[in-house]
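What follows is a short report on a single structure.
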Amino acid sequence: MWDPKETKNVVVFGGTGAQGKSVVTHLAATGLYNITVPTRDPTAPAAQALLTHPNTHLLHASYTTTAGLRAIFEHQDAAFISFNSFAIREPDELYWTIRAYEIAAASGVKHFVYSGAPNRLAAHGYDERFRNAHNAPTAQMAWTVVTRGVYIEMLGSLLRPVRAGDGTFVFAAPIGEGSVPLMPLDDYGALVKWVLRYPGESVGRRVAGAPFVTTWVELVGAFEEATGMQAVFRDVTKEEWFEGIKGYIDPEERMPRGVAEDDETATTLRKSFGAWWDLWKFNERDLEAEGRQRGSMEGVNPGRPKSVVDWMRRTGYDGGLKEALKMKKDEEA
Ligand SMILES: NC(=O)c1ccc[n+]([C@@H]2O[C@H](COP(=O)([O-])OP(=O)(O)OC[C@H]3O[C@@H](n4cnc5c(N)ncnc54)[C@H](OP(=O)(O)O)[C@@H]3O)[C@@H](O)[C@H]2O)c1
């Protein structure tokens, strides 16, 4: 019989990346776990930086091979599973998720914690217009699906404002009166730590974070309050938004990188984020907030920012470029 208190060895997928790093940081700080991070390059700075955490080890392995998954799950008690849907094809993500579950079970893993999302496509009546590759729905090993939101740190990259000639910050987005659930990356790790500490409350459940569900009018207000600088919201068409981000990323580039030209399971940023923006434009706040741990997130991550304004103040947010994603940093290096 598995005693959750005996959970000692934990493997963190994507631990060198934005989301996984938050999980490693929180788990390592407890001093309770031996943490393994699989990476395709243990010599990379992002991997080496993790070694400053206590009881944290790197494993040279890929999660998109059977041998890699066997090595990854060997001797592990619990696993945080997060595939990078921008770096692998959608059918590969589905296939390797199922293989990961099978191999984890065969390897003796007791608690399978999966990084998921609410089934937002179902919430939109399975209308294809909202179908993007990054909000797919998701069980005898104990399992938990953790669902969160959009990294608030994206305000320093894809969602950042541009500066007009008079110095005003222009937050342009094809969102109308819709809202985006913005959640600090630090909450991601805190939530996984809580899931492992309190299996009685997390096993067999979807555990949701408590993002700040924010309209772009509210975002502009938060920015002005936090920075004292002037800002406006410009409600643009999706075409205008894609035009505006061309200097940062090519909307037509096929994803994942290097995918065959005739592979119809591939996507592009235009296709994927076109649907992504529609999800938020037609978002219903109550639906988004439903099931969230409103109020209790303070217990999960004591001292977390109280609001978008608070997050902006604490992080010194100034609308400038600050990349959160490892894959984007790797591309630029
Ligand atoms: N942006 C958002 O707001 C948001 C919100 C919620 C969820 N997500 C989801 O988060 C995922 C992206 O994660 P991220 O934001 O942490 O990206 P990231 O910072 O770019 O990191 C990607 C991670 O994936 C690892 N990785 C990729 N391929 C691998 C492989 N074959 N074997 C082992 N490790 C591999 C990388 O490890 P190495 O490079 O070290 O091998 C790295 O740690 C996507 O699925 C996205 O849909 C994003």
Extreme residue, farthest from the ligand (Cβ to nearest atom), among residues of the range 17-40 that are of a type in the set (S, T, N, Q) and either under 19 Å from residue 146 (Cα atoms) or in a helix (DSSP H, G or I) (or both) = 30
Is it the case that residue 235 is in contact with a Pro (Cβ under 8 Å, 6 or more places away or on another chain) and surrounded by 13 or more Cβ atoms within 10 Å (Cβ to Cβ)?
-> yes
Matching entry among 201, 218, 153, 177 (being farther than 18 Å from residue 285 by Cβ, surrounded by fewer than 20 Cβ atoms within 10 Å (Cβ to Cβ) and either charged (D, E, K, R) or under 23 Å from the mean Cα position of the chain (by Cα) (or both)) | 201
If the Cβ limit is 6 Å and pairs must be 6+ apart or interchain, which residue in the range 105-117 that is in a loop (DSSP other than H, G, I, E, B) pairs with which residue that is at pLDDT 95 or above?
-> 109/73; 109/76; 109/79; 110/77
All but one of (1) surrounded by 14 or more Cβ atoms within 10 Å (Cβ to Cβ); (2) more than 22 Å from the chain's Cα centre (by Cα); (3) part of a loop (DSSP other than H, G, I, E, B); (4) within 14 Å of the ligand (Cβ to nearest atom) hold for residue 43, so report the exception by its number.
-> (1)
Residue check for residue 75: within 15 Å of the ligand (Cβ to nearest atom) and surrounded by fewer than 23 Cβ atoms within 10 Å (Cβ to Cβ) = no
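The values are calculated or read from the model by the stated rules, or taken from the named source; none is laboratory data. This structure is a prediction, so every number in the text was calculated from the model and none was measured. As a convention, Cβ positions derive from the backbone with ideal geometry for all residues, glycine included, and neighbour counts pool all protein chains shown.
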